[in-house]
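Worksheet: the structure to be examined is printed underneath.
Please treat every number below as a calculation from the coordinates, not as lab data. Please read these numbers as outputs of a predicted model, since none were measured by experiment. Glycine gets a Cβ as well: all are built from the backbone with ideal geometry, and neighbour counts include every protein chain shown.
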Amino acid sequence: MTAPRANLPEFSVSEIATALKRTVEDAFPFVRVRGEISGLKFHSSGHVYFDLKDDKAVLNAVIWRGTAQRLKIKPEQGLEVVCTGRISTYAGSSRYQIIVEQVELAGLGALMAMLEERKKRLAAEGLFASERKKPLPFLPNVIGVITSPTGAVIRDIMHRLNDRFPRRVLLWPVAVQGERAADEVTAAIRGFNALQPGAALPVPDVLIVARGGGSVEDLMAFNEENVVRAVAESRIPVISAVGHETDTTLIDFVSDRRAPTPTAAAEMAVPVRADLIAQTLDCQRRAFRAFSRAMAERRSTLTALVRVLPRADQLFAQPRQRLDGASERLINGLRGNLHVHRARFLKSASVLRPQPLSRHIVVCGERLTGLVGRLAQAHRGHLAVAARRIESLARVLQSVSYRAVLSRGFALVRGGDGALKRAAAAVSSGETLQLTFADGTVGATADGAPVKSPPRRKPGGSQGSLF
């Protein structure tokens with residue numbers, strides 16, 4: 001007998017998970033959920049995972065990579081947002097979640113809180129420090145403008161520049177609102193800074209980033225972090241003119257100058273040409289008046305000095321008189337000195353006149369003659385001693401010279417290269433030799449191997465038998 005079966009149907013785990021997924025997605029195909037972001041995680045795949053929570057519940061949320069790249073509001077930890085998407089389930093962990101398609105800030109307060117937190121973080125990095133500000137050029141040759149090419153902003157800037165001081169303007173057209181605005185403004189700032197001197201486009205001397213007024217949401221592109229960092233990195237001075245006077249964006253804090261309106265930015269960029277001309281003419285008049293006044297003062301001073309100074313003949317009368325007296329004394333002194341030296345010369349000449357020979361001179365002459373004779377005799381003796389010594393050394397040299405050996409019948413053997421041959425083993429067969437005798441040198445050629453000399457007979461041995 002078979003056991004009774006239950007009336008309830010049996011499902012697998014996958015079937016239950018699929019049924020729940022279909023039911024949840026059919027019941028909540030498109031919802032808006034408000035909550036605070038927590039547990040934010042940016043995965044290496046590009047997907048974003050976080051939780052939406054309130055004071056009573058938590059809802060898992062996921063943003064796929066393609067959607068995350070298009071979001072205007074980037075998720076941040078602790079930010080209160082309204083997420084739009086569909087509710088689904090994740091069978092792998094038996095949980096439900098929202099697949100987010102759009103993220104919006106939950107009211108103006110949340111947006112302002114996010115901007116305030118971003119402002120504090122960028123300020124802590126020193127991007128808003130006053131020492132980073134660059135001075136604006138007094139009269140730029142080229143002005144770069146970053147704004148929409150179709151709005152009233154560019155017309156207001158051009159009109160104001162033409163009124164004050166016409167300059168060359170380079171316009172980089174960008175979107176000033178929407179998803180593409182922040183990236184395009186960033187690219188424009190960095191593009192102007194990438195221009196090189198001497199290229200087809202000139203390098204601007206100053207940049208103006210401008211747009212008209214709008215709501216906080218409309219101006220969000222100029223609060224994005226990439227725009228702020230691009231302005232901070234710019235080597236060209238930047239004037240921010242975003243919105244009206246009461247509008248404030250983060251780009252205003254990092255730029256080198258903030259203009260309340262685009263028209264005011266044009267006024268900051270260039271001076272008024274008419275004012276410059278008037279100022280130049282005024283400086284010219286002032287310089288001419290100062291020069292004329294200085295010349296008049298110097299002329300008056302010179303005239304006063306002329307009246308005080310004596311005439312030239314009176315001024316040089318006494319020096320001229322002293323010069324005449326000194327010249328007369330110099331002539332008299334030279335004459336007296338000449339007389340004194342003439343008297344001394346005559347006295348010395350009388351002493352040096354020739355006198356008769358005296359006995360002393362005769363004696364001196366005799367002594368000199370004797371000394372000359374003794375010197376000649378000593379010189380001859382010294383030469384004789386030196387000659388005998390040389391002869392003795394010559395005999396010794398002759399006795400040890402190899403030429404004496406050659407005269408006894410020996411010969412000096414050298415090779416063809418002049419090297420001395422001291423043994424028969426050093427001579428090769430057919431080698432050219434030079435034989436030096438006592439009376440000259442002859443050439444020879446070695447024939448055959450060297451012949452060994454007979455052994456010497458030991459002294460004291462027997463003669464041996466002849467037979």
Note down, for the chain, the three equivalent ellipsoid semi-axes (square root of 5 times each alpha carbon gyration tensor eigenvalue), biggest first, whole angstrom.
116, 72, 21
Computed over region 13-106: relative contact order in percent, which uses C-alpha pairs under 8 Å that are six or more apart
31 percent
Rounded to the nearest 5, what % of the DSSP beta bridges within region 13-106 are antiparallel ones?
90 percent
Evaluate E = 1/(1 + (r/R0)^6) for residue 347 and residue 397, where r is the Cβ-Cβ distance and R0 equals 60 Å; express this FRET efficiency to the nearest 0.05.
0.30
By count of other Cβ within 10 Å, fewest leading, how are 208, 37 ordered?
37, 208
Put +1 on the Cβ of each Lys and Arg and -1 on the Cβ of each Asp and Glu in the chain; which of 445, 186, 261 then has its Cα farthest toward the positive end of the dipole?
445
What's the Cα-based Rg to Rh of region 13-106, Rh via Kirkwood?
0.97
Binning at 10 Å from 0, report for region 1-61 what percent of all alpha-carbon pair distances ends up in each bin.
16, 26, 32, 13, 8, 5, 0
Of the convex hull enclosing the alpha-carbon atoms of region 405-445, the direction-averaged projected area in nm² is 2.9 nm²
Of 21/56; 74/119; 56/119; 53/74; 41/74, which ones are farther than 22 Å apart at the Cα?
21/56; 56/119
DSSP bridge orientation in the chain - percent antiparallel, rounded to nearest 5:
65 percent
Region 167-242: Rg/Rh from Cα coordinates, Kirkwood Rh?
0.97
